[in-house]
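Q: What follows is a structure written as structure tokens; I'll ask about it next.
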Amino acid sequence: VQLQAYGGGLVQVGGSLRLSCTASGGSFRDYVMAWFRQTPGNEREFVAASRRNTDRTTSADFVKGRFTVSRDNAKNTVYLQMNSLKPEDAAVYYCAAGRPILSMASSPKAYHYWGQGTQVTVSS
């Protein structure tokens, strides 16, 4: 499975961005699709995930009410709508695909495939 993430950029505090990640080479609907983020010197951090074969999603507490993950299986694409952005949201955002058990959905180790990352910069 190949993943291509895009949509990052520079946004002001309080602004919005929508990240997209398109998959190819696999059965998209069979995968949990997740977003992680990483800043220099820190480990990759779970942001949100869209579960396979269901509309259910899982999000980190720090993005609830601000970020929304969704997927379009017909387009093999997962989205991350980010609203009310804060300076601490600045990071490289990665999409990932895998088949983790529910309890492992927030662990980067549970995902087999990764996109190249897209930079999000939040200016104050």
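Q: Here is a check on your reading of the model: is GLY115 of a type outside the set (D, E, K, R), closer than 19 Å to GLY7 by Cα and modelled with pLDDT of 95 or more? Can you show your working first?
A: Details: of a type outside the set (D, E, K, R): yes; closer than 19 Å to GLY7 by Cα: yes; modelled with pLDDT of 95 or more: yes.
Taking the combined requirement at face value, the residue satisfies it.
Q: Select from the stretch 60-72 the residues that are in a loop (DSSP other than H, G, I, E, B) and open to solvent by 50 Å² or more (accessible area, probe 1.4 Å) and write down the one among them that is modelled with the lowest pLDDT.
A: The first filter runs over the stretch 60-72 and keeps only residues in a loop (DSSP other than H, G, I, E, B), leaving 60, 64-66.
Narrowing further to those that are open to solvent by 50 Å² or more (accessible area, probe 1.4 Å): 64-65.
Details: LYS64: 88, GLY65: 92.
Ranking the candidates gives LYS64 first.
Q: Same structure, new question: Name the pairs: first residue in the stretch 81-101 and part of a helix (DSSP H, G or I), second residue surrounded by 14 or more Cβ atoms within 10 Å (Cβ to Cβ), Cβ to Cβ under 7 Å, at least 6 apart or on different chains?
A: Listed pairs, sorted by first residue: PRO87/VAL122; ASP89/MET82; ASP89/VAL120; ASP89/VAL122.
Q: Let me ask another. For the stretch 102-124, give me each residue that is open to solvent by 30 Å² or more (accessible area, probe 1.4 Å), in a strand (DSSP E or B) and farther than 16 Å from LEU10 by Cβ.
A: Across the stretch 102-124, the qualifying residues are HIS112, TYR113, TRP114.
Q: Continuing with the same structure: What are the pairs, 6+ residues apart or on separate chains, where a residue within the stretch 52-79 that is without any contact (Cβ under 8 Å) to a residue 40 or more places away in the chain has its Cβ under 7 Å from a residue that is of a type outside the set (Asp, Glu) and part of a loop (DSSP other than H, G, I, E, B)?
A: From residues that are without any contact (Cβ under 8 Å) to a residue 40 or more places away in the chain, the pairs are THR57/ARG51; ARG66/ASN83; ARG66/SER84.
Q: Moving to a separate point now. Restricting attention to the stretch 74-105, which residues are at pLDDT 95 or above and among the polar types (S, T, N, Q)?
A: Selection gives ASN76, THR77, GLN81, ASN83, SER84.
The values are calculated or read from the model by the stated rules, or taken from the named source; none is laboratory data. Everything numeric here is computed off the predicted structure, so don't read it as measured data. Counting neighbours? That spans all protein chains shown, and the Cβs are built from the backbone with ideal geometry, glycine included. Note: accessible area is taken over every heavy atom of the protein model, side chains too, but ligands, DNA and RNA are not part of it. Shrake-Rupley method; radii C 1.70, N 1.55, O 1.52, S 1.80 Å.
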